[in-house]
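J.: Quick one: structure below, then a few questions.
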Amino acid sequence: MRVSVTDRCNLRCVYCMPPEGVPFVPHREILSFDEITRLCRIGAELGITRLKLTGGEPLVRRGLSELLGMLKGVPGIEQVTLTTNGTLLKEQINELVSNGLDSVNISIDTLDSGRYREVTRGGNLEKALEGLDAAAGFPGLGVKVNCVPLKGAKDKEYIRLAFLAKEGKADVRFIEMMPIGMGKAFAGRSGEEICSILKRVYGEPEGYDGRLGNGPAAYVRFPGFQKYVGFISAVSHRFCSGCNRVRLTSEGYLKPCLQYGNGTDLKTPLRNGADDNMIRKEMEEAIYSKPASHQFDAACAAGVRADRRNEGDEDTGNGASFEKREMSRIGG
Ligand code: SAM
Ligand code: SF4
């Protein structure tokens, strides 16, 4: 289960957040640490074993490492990991690791500081790299760098990012742009396109059949590389049949699929005194109603325009509606 702990962020990535940020959600509407822990405990009783903390930017939520420690103590939870932009990581990594962090994914779309500033609307690449270095300094901690390639960016940006895997700093993963929220207004680049750019420079890679992390990435190893390069190709290679994700938003909404708007409000029963059995039943229903697959192709065909970013296309053909929220409000 991906657990979003806030929908606020200290960056404004062009394909994820509107420039003005997200509408202000009062703190009381966001699940407390106790509420998140209770939902994760009930989820663990249903068989959920791995949690990913996300946001918005999870590290802007005060006391995140305390929540991490609480979740690590939930019976049945084997792993708690984090997805972050890394800019606040250096200051928090010690505490996160001592509270049991298992691995961290750091989103860095480019190693060119000017481009990084453009893509994140003002972010400081140095801060993200300091976070990456700090995380890479913990030998037992899994570290991955995530990049969402944008059409129009220079090939050398991806070649430079992949070098992080060559020198052994982190596994590097390229994620296809998904037509969700602001992402509807941006064209990305497919995993195949990026792989062929890398092959021209680094040679023919070997495929990797084993598991690295829990996700749907397909990994390869280029000759002489210490770490892997992965491709998460949700648009060009639909992997829905193997998807076991559910997403809990910061406002307590359980989503069975990234693309659809439907899901279950767990905050209301939680705050109205529902017992564990009632909440378990709600969670179970949401999980069993997981759609067979996304329809990113339909969403792409419906139009890629910034002014349509908040329009859900109501006609999904199966009675559900497409997600209207920004990716930063869902947690990616
Ligand atoms: N702030 C944290 C971060 O950037 O890692 C966590 C939240 S962010 C929403 C999680 C991931 O979603 C990031 O790697 C980001 O690049 C990715 N993302 C955001 N919008 C996307 C989109 N439309 N398509 C694909 N990935 C997207
Ligand atoms: Fe913030 Fe992450 Fe979205 Fe960038 S991708 S705006 S860092 S939530």
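J.: Distance between Cα centroids, the stretch 90-168 to the stretch 5-66: provide it in whole Å.
T.: One Cα centre to the other: 20 Å.
J.: Could you pull out the GluC sites (Glu not before Pro) across the stretch 37-141 that fall in loop regions by DSSP (anything but H, G, I, E, B) with no more than 15 other Cβ atoms inside 10 Å?
T.: Listed in order of number, the matching sites are GLU78.
J.: Mind ordering 5-13, 164-172 by average Cβ neighbours within 10 Å, highest first?
T.: Most protected by this proxy first, the peptides run 5-13, 164-172.
J.: Oh, and also: With a ≥ b ≥ c the root eigenvalues of the C-alpha gyration tensor of the stretch 72-170, is it rounded (a/c under 1.5), prolate (a/b larger than b/c) or oblate?
T.: In terms of gyration-tensor shape, prolate.
J.: While we're looking at this one, here's another question. State, to one decimal in nm², a quarter of the convex hull surface area for the C-alpha atoms of the stretch 138-251, i.e. the direction-averaged projected area.
T.: 8.6
J.: Can you tell me the accessible area per residue over the chain, all protein chains present, probe 1.4 angstrom, in square angstrom?
T.: 43
J.: Checking a compactness column here: for the chain, what do you get for Rg(Cα) / (2.2 N^0.38 Å), N being the number of residues?
T.: Relative to the rule-of-thumb radius for its length, the chain sits at 0.96.
J.: Give the carbon-plus-sulfur fraction of the accessible surface of the chain in %, rounded to a whole number; probe 1.4 Å, heavy atoms of protein chains only.
T.: 49
J.: Let me ask something additional. Residue by residue through the stretch 186-200, what is 3J(HN,Hα) from phi via Karplus (6.51 cos²θ - 1.76 cosθ + 1.60, θ = phi - 60°)? Round to whole Hz and write x for glycine and proline.
T.: 10, 9, x, 10, 6, x, 5, 4, 5, 4, 6, 4, 5, 4, 4
The values are calculated or read from the model by the stated rules, or taken from the named source; none is laboratory data. Everything quoted here is computed from the prediction, not taken from an experiment. Cβ: placed from backbone, ideal geometry, glycine included. Neighbour counts: every protein chain shown. When the accessible area is computed, the model is the full protein with side chains, heavy atoms only, and any ligands, DNA or RNA have been set aside. Shrake-Rupley method; radii C 1.70, N 1.55, O 1.52, S 1.80 Å.
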